[in-house]
Amino acid sequence: METTDKTVITIEAIVNAPAEKVWNLWNGPEHIVKWAAASDDWHTTKSENDLREGGKFNSRMEAKDGSFGFDFWGVYDIVKPYELITYTLGDERKVEIIFDADNNTTKITQHFEAEGTNPIEMQRGGWQAILNNFKKYAEAE
């Protein structure tokens, strides 16, 4: 990820599944709605994903009690199947996701620019919780 003056947060998980499976579960809108939440009281109600350089993605994330929701969206900058995704979020922050395959495991490393509102540890915790949900989902599929 290119160097900026913004704080970059890194999270990772090792998923016990091959890269092709991980890639498909990570990027398929029908799967995203099943794993993309930081806690049990949140969910992703809708997901659209045009997975190509210049393509747009949008996932609607909402509290299950209906008290709050937001669109998590951006535009893909680089897409290298089974290896790398970079994108720019709607607020101009950059994200890089590396898929590192090793036989039947895939290490996912995410680097993302922090936003200026919430504490760094809160942001790291939220993104890591979503990644952990993905790991649990992918290993059960």
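The values are calculated or read from the model by the stated rules, or taken from the named source; none is laboratory data. Computed from a predicted structure; not experimentally measured. Cβ: placed from backbone, ideal geometry, glycine included. Neighbour counts: every protein chain shown. Surface accessibility is based on the protein's heavy atoms, side chains included, excluding ligands, DNA and RNA. Shrake-Rupley method; radii C 1.70, N 1.55, O 1.52, S 1.80 Å.
In plain terms, the chain from PHE72 to GLU30 could stretch by 13.5 nm, reckoned as 0.36 nm per residue minus the Cα-Cα distance.
Using a 1.4 angstrom probe on heavy atoms only, work out the carbon and sulfur share of the accessible area of the chain in %.
Using a 1.4 Å probe with all protein chains present, the chain comes out at 49 percent carbon and sulfur.
Work out the FRET efficiency for MET122 and LEU84 from their Cβ-Cβ distance, taking R0 = 41 Å, and round it to the nearest 0.05. Mind showing how you got there, number by number?
Details: r = 27 Å, r/R0 = 0.65.
The pair MET122/LEU84 has a calculated efficiency of 0.95.
Rounded to whole Å, the principal axis extents of the Cα atoms in the range 1-134 read 42, 35, 28, largest first.
In the chain, the DSSP-assigned H stretches of four residues or longer account for a calculated mean residue ellipticity at 222 nm of -8000 deg cm²/dmol, using -39500 (n - 2.57) per stretch and the full residue count as denominator. Roughly what percent of Cα-Cα pairs across the range 97-138 reach past 15 Å? Percent of Cα pairs beyond 15 Å in the range 97-138: 51. With r as the distance between the Cβ atoms of ILE14 and ASP91 and R0 = 30 Å, compute the FRET efficiency 1/(1 + (r/R0)^6) and round to 0.05. Approximately 0.55, to the nearest 0.05. Of the three principal axes defined by the Cα atoms of the range 52-91, the extents in descending order read 37, 21, 12 Å. Annotation: lysines with alpha-carbon distance below 19 angstrom to LYS64 (same-chain offsets under eight excluded): LYS34, LYS46.
Ignoring ligands, DNA and RNA, what accessible area per residue does the chain give at 1.4 Å, in Å²?
Details: 7750 Å² over 141 residues.
For the chain, the solvent-accessible area averages 55 Å² per residue.
Across the chain, the relative contact order, built from alpha-carbon pairs under 8 Å that are at least six residues apart, equals 31 percent.
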